[in-house]
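I have placed the structure first, in the form of structure tokens, so that the comments after it can refer back to it.
Values in this text are rule-based calculations from the coordinates and carry no lab data. Just so we're clear, the structure is a prediction, and the values are computed from it rather than from any experiment.
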Amino acid sequence: MSDSLYTQLLDLACGAFLLAAVVVLWRRDLASIVRVFALQGVALLAIATLLGVHEQRWDLLAVAAGIGVLRAGVLPYLMRRALAASGEIRETQPLVNVAASMLTAAALTLLAYAVSRPLVALDPSPATQALPVGLAVVLIGFFILVTRRRALSQVVGFLLLDNGITAVAFLAASGVPLIVELGVSFDVLLAVLVLHILTTRMRTAFGRTDIDDLRELHD
């Protein structure tokens, strides 16, 4: 693979990765949010695969395969099951409206580029140049986590944050050791399983999955 083709494909994958996070922030339909999250997993798989092929590292390709199975397959499947069990359709009462959310996403992206500028200046390689994209997804994921009220939406925000951290690790350091990625992935999988049980219990107890209903547990 030529350097120019590698750069173009990496930019395309990173662009799709960031776009997916923005679309998740924009959408209110929970089923669509899960589908877009799965597509972001595919984009993350593409980023890891491109780095592995370009650097001819089989360990990165193995990690990329694991990411594809977990982030684009297993986790979206579990979230679809949780969505079916909860019976919820839309994120109806976010703390921040759509217009303000889009403006915030733009501001967070600009902040990510400003903060990562010193790191990019140290190494002008294509992977390092794309580093702000991963940081922007981390910030957007955290924003979703703190502004959404449905349990499933907050799960997606948490997973977007984790995807962004993984992308930063790949772009900044050409990946992480396989055993580390496996450990983190199993932790994320366990968290999603616990949250799946939580949403099911909330649906049974309260008839919906609004996080504000958890305040009743103090009574």
Difference of contour (0.36 nm per residue) and Cα-Cα distance, SER4 to TYR113: 37.0 nm
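When the chain is fully extended, how far beyond the present Cα-Cα distance does TRP58 get from THR104, taking 0.36 nm per residue of separation?
12.7 nm
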What's the Kirkwood radius of segment 90-142 in Å, using all Cα pairs? 12.2
Percent of alpha-carbon pairs separated by more than 23 Å within segment 70-160: 38
Taking all pairs of distinct Cα atoms, average 1/r, flip it, and tell me the Kirkwood hydrodynamic radius of segment 1-107 in Å to one decimal place. 15.3
Kirkwood Rh over alpha-carbon pairs of segment 50-100, then Stokes-Einstein at 37 °C and 0.692 mPa s: what D in µm² s⁻¹, rounded to an integer? 234
